[in-house]
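Written below as structure tokens is the structure these notes are about.
The values are calculated or read from the model by the stated rules, or taken from the named source; none is laboratory data. All of these numbers come straight from a predicted model, not from anything done at the bench. Heads up, the Cβs are rebuilt from the backbone with ideal geometry, glycines too, and the neighbour counts pull from every protein chain shown.
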């Protein structure tokens, strides 16, 4: 039996604008490893085909993954999901974000087992830790091109399996798997004190370097 999840491609979305974080979120260090490195390591245990969707491919060329740019110049995670559905050699994709440091194999496999009869499988309010079927491809493309880019709205009329908090809490590391680091405050809340301290020191050094740059 294959160790990989059947008929599914793993996807990491790394195209966010990073407006609220002073550093690239994918490269924040957690327990001695960058988030992107941690996530690739998990993905390789469960998926044979892996994509990173990014508008900065030069940052990720060192990783053993296929790099994709958005198929349309329209910002938002739904465009990244569409791009992955178009390029995947499998009928399903699993999507996560580059700022989620605690994804784990057990939770991913649990969601995968819930796919039968649905077009998407996701925890409540967590569309970026989810499985999506290629059956959604055409309607998703039409939604994006018509300006309807809100993923949660798009899913309202689809066959979606939503997993409750009560169902997820005992799987893997529970709802910690869905933590994402959007702001420096999130770093302080969710990371170990030593990791948060390292982040603050790096942020301070970077800000000092920017202050020293000559003004044009």
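Out of 95, 121, I need the residue that is over 30 Å from residue 199 (Cα atoms), at pLDDT 95 or above and part of a strand (DSSP E or B). Which one?
One residue alone meets the criteria, 121.
Condition check ((1) closer than 26 Å to residue 200 by Cβ; (2) outside any helix (DSSP H, G or I); (3) modelled with pLDDT under 95) across all residues:
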{"position": "6", "(1), (2), (3)": "no, yes, no"}
{"position": "23", "(1), (2), (3)": "yes, yes, yes"}
{"position": "37", "(1), (2), (3)": "yes, no, no"}
{"position": "67", "(1), (2), (3)": "no, yes, no"}
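Inspect segment 202-210 for any residue being touching a helix residue (DSSP H, G or I) at 6+ places or on another chain (Cβ under 6 Å) and either over 19 Å from residue 11 (Cβ atoms) or not in a strand (DSSP E or B) (or both) and give the result as yes or no.
No, segment 202-210 has no match at all.
Please state which of the following conditions residue 41 fails to meet, knowing it meets all the rest: (1) surrounded by 14 or more Cβ atoms within 10 Å (Cβ to Cβ); (2) in contact with a strand residue (DSSP E or B) (Cβ under 9 Å, 6 or more places away or on another chain); (3) assigned to a helix (DSSP H, G or I).
Unmet for residue 41, out of (1) surrounded by 14 or more Cβ atoms within 10 Å (Cβ to Cβ); (2) in contact with a strand residue (DSSP E or B) (Cβ under 9 Å, 6 or more places away or on another chain); (3) assigned to a helix (DSSP H, G or I): (1).
Considering only residues of segment 158-169 that are part of a loop (DSSP other than H, G, I, E, B) and at pLDDT 90 or above, which is surrounded by the fewest Cβ atoms within 10 Å (Cβ to Cβ)?
Ranking the candidates gives 164 first.
What single numbered condition from (1) farther than 30 Å from residue 199 by Cβ; (2) buried (at least 19 other Cβ atoms within 10 Å of the Cβ); (3) in contact with a helix residue (DSSP H, G or I) (Cβ under 9 Å, 6 or more places away or on another chain) fails to hold for residue 115?
Exception for residue 115: condition (3).
Restricting the search to segment 180-195, which residues are under 13 Å from residue 30 (Cα atoms) and assigned to a loop (DSSP other than H, G, I, E, B)?
Once the filter is applied, which keeps residues that are under 13 Å from residue 30 (Cα atoms) and assigned to a loop (DSSP other than H, G, I, E, B), segment 180-195 yields 180, 181, 191, 192.
Of all residues in segment 32-85, how many are free of Cβ contacts under 8 Å to residues at least 12 places away in the same chain and closer than 30 Å to residue 197 by Cα? Spell out how you get there, then give the answer.
Start the filter on segment 32-85 by keeping residues that are free of Cβ contacts under 8 Å to residues at least 12 places away in the same chain, which leaves 32-34, 41, 58, 61-62, 73.
Imposing the further condition that a residue be closer than 30 Å to residue 197 by Cα reduces the set to 32-34, 41, 58, 61-62.
Residues in segment 32-85 being free of Cβ contacts under 8 Å to residues at least 12 places away in the same chain and closer than 30 Å to residue 197 by Cα: 7 in total.
What's the total number of residues in segment 70-90 that are surrounded by 15 or more Cβ atoms within 10 Å (Cβ to Cβ) and in a loop (DSSP other than H, G, I, E, B)?
5
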